[in-house]
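Remarks on the structure that follows.
The values are calculated or read from the model by the stated rules, or taken from the named source; none is laboratory data. Just so it is clear, the structure is predicted and the values come from calculations on it, not from any experiment. Positions of Cβ are generated from backbone atoms using ideal geometry, with glycine treated the same way; all protein chains shown enter the neighbour counts.
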Amino acid sequence: MGHMTSIELKNVSVDFPVYGGSKSFRSELLQRATGGFIRREGKKQRVTVRGLDNVSLTIREGDRLALIGHNGAGKTTMLKALAGVYEPTQGEIVITGRLAPLFNLAPGWDPEDTGYENIINCGLHLGMTYEEVRYKTSDIAEVSGLGDYLNLPARTYSAGMTVRLAFSIATSIEPEILILDEGLSAGDASFATIAEVRINRLLSRSRILVLASHSTGLLMNWCNKAVLLEHGRIVHKGSVKETLAVYQERTQAASELPVLTAAK
């Protein structure tokens, strides 16, 4: 492939309208502030929450970018904007390369279908071609360890079996750009070693990774760069270690603000 993989965000903002909503809902929203900025527009007082606020960022081939920040800081909004789930309200996102978002381990999963049918359905939902899924089916089957169960409806599977099959399918994709919300959970411990090998292979096949996670270990292991998001803005860029340190500092500083009490 000739092209260099890249993602460019140019002054990207994403607003979510909060329709009507009762007074109490609005005031609760203001109290929680969801991390986004609440804005009121026009006479009708249409309330919008700003999920991303004028973000500019270039992600290049080889970048394994960690998104760090509190819940509501804009991490998921950013991932979903990259995946095309949310349209920027302003600014633009330019993506060069084949992007696969793994927000859900098993899109297209149907408990009434057999394991083999689910391999095809999920594979197609994850962006593989029919030929690609057919070609990878035996590998996926082998990794899942489900054997003859693959001929049975998925509703007969235990939770562990379901996760193993879904995981085996998801990690067989070949994206140039991989977008992950939290890590890939592989379920039970007996499967952990195989799972780790699968994840490492998936990561090495991807040219760019964007990962949002609360697991410090995961971010340190998988990523080589990080951005810290606060209220939908990037407030720091740097190495993962440094960015985590800044995040902890800022979190601590915020928790040490003096509490104002009414004078007696």
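When the range 213-233 is examined, which residues are found to be surrounded by fewer than 21 Cβ atoms within 10 Å (Cβ to Cβ) and either modelled with pLDDT under 95 or not basic (Lys, Arg) (or both)? Please lay out each step first, then the result.
Going residue by residue through the range 213-233, those that are surrounded by fewer than 21 Cβ atoms within 10 Å (Cβ to Cβ) are 213-218, 220-222, 224-225, 230-231, 233.
The answer is 213, 214, 215, 216, 217, 218, 220, 221, 222, 224, 230, 231.
Residue 163: closer than 23 Å to residue 243 by Cα and touching a residue at least 40 places away in the same chain (Cβ under 8 Å), yes or no?
Numbers: closer than 23 Å to residue 243 by Cα: no; touching a residue at least 40 places away in the same chain (Cβ under 8 Å): yes.
So residue 163 does not fit the description; no.
Checking the condition surrounded by fewer than 20 Cβ atoms within 10 Å (Cβ to Cβ) and under 29 Å from residue 140 (Cα atoms), which residue from 88, 111 passes? Walk me through how you get there before you give the answer.
Values: 88 fails: under 29 Å from residue 140 (Cα atoms).
Matching residue, one of 88, 111: 111.
Please list, ordered by first then second residue, the pairs with beta carbon atoms under 9 Å, 6 or more apart or interchain, first in the range 209-230 and polar (S, T, N, Q), second assigned to a helix (DSSP H, G or I) and surrounded by 22 or more Cβ atoms within 10 Å (Cβ to Cβ).
Listed by first residue and then by second, the contacts come to 213/75; 213/219.
Just the residues that are modelled with pLDDT of 90 or more, touching a Phe, Trp or Tyr at 6+ places or on another chain (Cβ under 9 Å) and within 30 Å of residue 15 (Cα to Cα), please, taken from the range 184-212.
209, 211
Out of everything in the range 169-185 that is in a loop (DSSP other than H, G, I, E, B) and hydrophobic (A, V, I, L, M, F, W, C), what residue ends up being nearest to residue 114 (Cα to Cα)?
Taking the range 169-185 as the starting set, the residues that turn out to be in a loop (DSSP other than H, G, I, E, B) are 171-176, 182-185.
Right, trim to hydrophobic (A, V, I, L, M, F, W, C) and you get 173, 184.
Details: 173: 20, 184: 23 Å.
Selected residue: 173.
In the range 45-65, is there at least one residue being at pLDDT below 95, part of a loop (DSSP other than H, G, I, E, B), closer than 30 Å to residue 250 by Cα and in the same structural domain as residue 240 (by TED's automatic domain parsing)?
no
Looking at the range 72-82, which of its residues are within 9 Å of the chain's Cα centre (by Cα) and more than 13 Å from residue 12 (Cβ to Cβ)?
Matches in the range 72-82: 75, 76.
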